[in-house]
Amino acid sequence: MKQFWCAVCFITSSLFYSTNTLAEAPTAAPGVLLQQMSQASQSLNYEFSFISVSKQGVDSLRFRHAVVEKHQLAQLLQMDGPRREIVQRDNEISFFEPGFEPFTLIGNHIVDSLPSIVYADFDHLSKFYDFISVGRTRVTDRSCEVVRVVARDGTRFGYVLWIDAATKLPLRADLLDRDGETLEQFRVISLIVDPQVQSLMKGLEKVNLPPQLAVPTTGASDFSWEVKWLPAGMIEVAHSNRTLPGINVPIETRLYSDGLFSFSVNIAQTDAVNSEHSIRTGRRTIHTLIRSNKEVTVVGELPPATAKRIADSVTFKVQP
């Protein structure tokens, strides 16, 4: 009996020691962890299977990434239903989907079904967001660090990120609204980090990609309106003036981004009576305001209250 209790005490003390060791192990600052996550996602050779959960349902996907002779190669494949595939070779991103002609866009990384925060510029975001360490836990049977990303002015959504302690790759990302409700979730089911992924991806180096999609031309943009209020860090990144095909209605658009979330403000003439309404589907909100024969529509990754405040701040210059 004495030997039994000695064994129990030894096992208990061993577990207590290992638990404390895990809890007390030094942890990098949250901002450093986020930068390491972004760097690992673009430099390692890896493959993971994951699920993407949103209000529209659950998708099962596989993502591969490799660096072959300084070339960035990636593939995103939908695992269920019709084969939908996105491939990347350096800054060329090609889309293959049943029923549509394949096409190519120019970009730095694949973001469809992947959390865009993984590739964010965290030095820039640190001016407007707080990075908060939450502690350690396990995801996919791997030890990971948990970090929250919260807008200081409370006008945007936030993230909770689970970062693999060994590889610094993201294992889970929850997009939260201002009330803490989960809008979208990215969750890795299995992870492989291995140079063999290079051999699986090497064929993309010489494959013929589909032609680049032509971007519609826009008219001259001399807008008679401006947005008086924006969330901190939001800046105008593009603007356009074009006519919508089929209905022959000219639309003036300004696109804004803070490097993490983006939205557009669209202005059109209308004969409709003054009104206001808002629709939110997951991360996207559409807020429409009609006043003085102008239709103001804010579309993007914003809480409804923020979209409304932006629409209310639009002012029109007095015409001579």
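Considering region 66-86 alone, what residues qualify as being closer than 19 Å to Val193 by Cα and not small (Gly, Ala, Ser)? Residues satisfying the conditions are Val67, Val68, Glu69, Lys70, His71, Gln72, Leu73, Gln75, Leu76, Leu77. Among the residues of region 282-301, is any touching a strand residue (DSSP E or B) at 6+ places or on another chain (Cβ under 8 Å), within 30 Å of Leu34 (Cβ to Cβ), free of Cβ contacts under 8 Å to residues at least 40 places away in the same chain and of a type in the set (D, E, K, R)? The answer is yes, given that some residue of region 282-301 is touching a strand residue (DSSP E or B) at 6+ places or on another chain (Cβ under 8 Å), within 30 Å of Leu34 (Cβ to Cβ), free of Cβ contacts under 8 Å to residues at least 40 places away in the same chain and of a type in the set (D, E, K, R).
Tallying residues that are under 14 Å from the mean Cα position of the chain (by Cα) and part of a loop (DSSP other than H, G, I, E, B) within region 139-173 yields 2. Region 65-107 holds strands (runs of 3 or more DSSP E) entirely within its bounds, and those carrying 3 or more residues that are surrounded by 16 or more Cβ atoms within 10 Å (Cβ to Cβ) and in the same structural domain as Thr167 (by TED's automatic domain parsing) map to 71-78, 85-89, 92-96. Across region 39-85, the number of residues qualifying as within 21 Å of Asn108 (Cβ to Cβ) and among the hydroxyl-bearing types (Ser, Thr, Tyr) comes to 4. For region 271-290, the set of residues classified as crowded, with 16+ Cβ neighbours inside 10 Å and either among the acidic types (Asp, Glu) or more than 18 Å from Arg156 (Cβ to Cβ) (or both) consists of Thr288, Leu289, Ile290, listed by residue number. Residues being part of a strand (DSSP E or B) and either surrounded by 13 or more Cβ atoms within 10 Å (Cβ to Cβ) or in the same structural domain as Thr297 (by TED's automatic domain parsing) (or both) are entirely absent from region 213-222.
The values are calculated or read from the model by the stated rules, or taken from the named source; none is laboratory data. A quick note: this is a predicted structure, and the numbers were derived from the prediction, not measured. Here the Cβ is made from the backbone with ideal geometry for all residues, glycine too, and neighbour counts use every protein chain on show.
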